[in-house]
Amino acid sequence: MKLNFFKKLILGAAIVYLPAQSMAWGTQGHRICGQIADSYLSPKARKAVQAILGNESVAMASNWADFIKSDPQYNYLYTWHFLDFDKPMNYPELQQFLKEDTGVDAYTKLQYLIADIKKPGISKENKLLDLRMIIHIVEDIHQPMHTAHTSDKGGNDLKVNWFSEPSNLHSVWDSKLIDFQQLSYTEYTNWINHTTAAERAEWQKEPISKWLYDSHVLAEKIYADVHPGDTLNYKYNFKYIDILNKQMLKAGVHLAGLLNQIFA
């Protein structure tokens, strides 16, 4: 009994110690993105996704990659959640960066997962891992602080206050803004999930490099509007909630488009 308690204690400490940078959107945000994606799956993709996930919905699968941080065997997945930059980039510069990217990051691993899940004969276990990670990473890279500055760990080291609560810029975009709306993930989805067929078609033509670039541009805008020690509150929510909501909406639409392509 003492040994089991000790193991749990160590495991709990490991969870707390893991850098917050690999968390994006928080539980609610990921589920919102997943629920939106689910609404735009093609019949063929829906059947394939259900065959892999079983009774687990896309919304629930969205958070698996964060939940398993409690298991040391998955520590290797940590850097798969983000792609930070040493300097601001325009689109051609970012495209060139991605062409030369050999790191273990959100872009390289998403490319790997897309190719891997299509391989014939892949095991059911590996296919499940691939799909859960594809869902999660696509959602992650739409959170601007996951395409932010290497120097401050994607805004984790930029300390601010959320109302009267000490926080950091990354956490504000992960969950503070979303939780402030006080909606369930299904209520939130119903609030923002309004797109036209033309919008979806346009967004789903965009390559992954464009998703990353758009998030990166937003990250630079967010950085320019805040200083260490700032208190962010009602005004900040009013200014950025529509931008945040559009990012989650795009994440869901992009994810659905990608899954529709993979399982065409």
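Looking across segment 201-235, the residues that are aromatic (Phe, Trp, Tyr) and touching a residue at least 12 places away in the same chain (Cβ under 8 Å) come down to Trp203, Trp211, Tyr213, Tyr223. Gly154: surrounded by fewer than 15 Cβ atoms within 10 Å (Cβ to Cβ), of a type outside the set (A, V, I, L, M, F, W, C) and either within 17 Å of the chain's Cα centre (by Cα) or over 27 Å from Lys127 (Cβ atoms) (or both), yes or no? No. The criterion of at least 1 residues that are surrounded by fewer than 14 Cβ atoms within 10 Å (Cβ to Cβ) and at pLDDT below 85 is met, among helices (runs of 4 or more DSSP H) falling completely within segment 1-78, by 2-17. For segment 230-248, the set of residues classified as among the aliphatic types (A, V, I, L, M) and surrounded by 18 or more Cβ atoms within 10 Å (Cβ to Cβ) consists of Leu232, Leu244, Met248, listed by residue number.
Filtering segment 174-200 down to residues that are under 18 Å from the mean Cα position of the chain (by Cα) and of a type outside the set (S, T, N, Q), which residue is surrounded by the fewest Cβ atoms within 10 Å (Cβ to Cβ)? Only one residue fits best here, namely Asp179. Taking segment 225-263, which residues are over 27 Å from Ala37 (Cβ atoms), in contact with a helix residue (DSSP H, G or I) (Cβ under 9 Å, 6 or more places away or on another chain) and of a type in the set (A, V, I, L, M, F, W, C)? If the condition is that a residue be over 27 Å from Ala37 (Cβ atoms), in contact with a helix residue (DSSP H, G or I) (Cβ under 9 Å, 6 or more places away or on another chain) and of a type in the set (A, V, I, L, M, F, W, C), then Val226, Leu232 are the ones that fit.
Residues satisfying the criterion are absent from segment 222-230 (criterion: under 22 Å from His149 (Cβ atoms), of a type in the set (Phe, Trp, Tyr) and under 17 Å from the mean Cα position of the chain (by Cα)).
The values are calculated or read from the model by the stated rules, or taken from the named source; none is laboratory data. Please read all numbers here as calculations on a predicted model, not as lab measurements. When we count neighbours, we look across all protein chains shown, and the Cβ atoms used for this are built from the backbone with ideal geometry, even at glycine.
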